[in-house]
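The values are calculated or read from the model by the stated rules, or taken from the named source; none is laboratory data. Computed from a predicted model, the values in this text were never measured in an experiment. Methodologically, a virtual Cβ is constructed for each residue, glycine included, from the backbone with ideal geometry; neighbour enumeration extends over all protein chains shown. The area values use the complete protein model at the heavy-atom level, side chains included, leaving out ligands, DNA and RNA. Shrake-Rupley method; radii C 1.70, N 1.55, O 1.52, S 1.80 Å.
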Amino acid sequence: MMQIQYIFELIGTLAFAISGALAGDERQKHDWFGITFIAFITAIGGGTLRDLFLGSYPLVWFKDMYIVYTIFAGILLTGLFYKQFSKLKTTLMLFDTLGIALFTIVGLEKAQSLGANNFISVMMGMFTAVMGGVIRDTMINKTPTIFVQEIYATACIAGGIIYIILDDFGLDRNINFLISGSLIAVIRIIAFKFNLSLPKFYK
């Protein structure tokens, strides 16, 4: 389980680094340092806050340089293929979706490994997935996606709940990881395509 979890964590880190680099350049036309900073915050923000809340030290990217290398790889890929990425209107959404799908389950598993109950584990999974994007959007003067009319964090919670249920039924964790992560991605993509949203708090 740890092997596939680690692979997905690196893939999610790469996806978030790319989405951070794309979002930063799209909004403010930052230089390489600015883009690098935003990409790092996007990729590690949620996981860092999760580890702080759970009291897990050292922070995961402090002790694993492959995470840092993966972020740099995402920034470099974005720089090399920026024209190709920018031609696709939904590129940022797709990379962000891949990131939240993978990081939700990674964060949930991390919380479980530290003894958190199911509710806290699902919340920490969602937190891991969305908080990097929240910090990123705030830094570039954009209303965070989690606060607008989009099914975003809700998709993460749904995927986390499904993961817990399937795990209780004894499903192989690697398969569960794929099913639950895919569910998050599918919910997010369908909601984006058809402009679906949750009911407003107040009309």
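Observations on the structure shown:
- Looking across THR48, THR13, THR42, THR36, one residue alone is polar (S, T, N, Q), touching a residue at least 24 places away in the same chain (Cβ under 8 Å) and under 18 Å from GLU109 (Cβ atoms). It is THR13.
- Here GLY47, GLY115 are screened, and the one residue that is under 17 Å from the mean Cα position of the chain (by Cα) and under 25 Å from ASN176 (Cα atoms) is GLY47.
- Some residue of the range 176-192 being touching a helix residue (DSSP H, G or I) at 6+ places or on another chain (Cβ under 6 Å) and either surrounded by fewer than 16 Cβ atoms within 10 Å (Cβ to Cβ) or under 21 Å from PHE40 (Cβ atoms) (or both): no
- Hey, ARG136 among the basic types (Lys, Arg), closer than 19 Å to ALA15 by Cβ and touching a residue at least 12 places away in the same chain (Cβ under 8 Å) or not: yes
- Number of the condition not met by ALA116 [criteria: (1) of a type in the set (A, V, I, L, M, F, W, C); (2) buried (at least 16 other Cβ atoms within 10 Å of the Cβ); (3) outside any loop (DSSP other than H, G, I, E, B)]: (3)
- Of the criteria (1) among the polar types (S, T, N, Q); (2) modelled with pLDDT under 90; (3) closer than 25 Å to LEU166 by Cα, which one THR91 fails: (3)
- Subset tally (residues that are in a helix (DSSP H, G or I), more than 21 Å from LEU108 (Cβ to Cβ) and open to solvent by 50 Å² or more (accessible area, probe 1.4 Å)) for the range 126-175: 3
- Residue count for the range 64-88, restricted to those that are over 30 Å from ILE161 (Cα atoms) and not in a helix (DSSP H, G or I): 3.
- Residue list for the range 15-71, filter: touching a Lys or Arg at 6+ places or on another chain (Cβ under 9 Å), charged (D, E, K, R) and at pLDDT 90 or above: ARG50, ASP51
- Residues within the range 89-107 that are over 12 Å from the mean Cα position of the chain (by Cα) and open to solvent by less than 20 Å² (accessible area, probe 1.4 Å), tallied: 1
- Checking each residue in the range 176-199 for being hydroxyl-bearing (Ser, Thr, Tyr) and assigned to a helix (DSSP H, G or I) picks out SER180, SER182.
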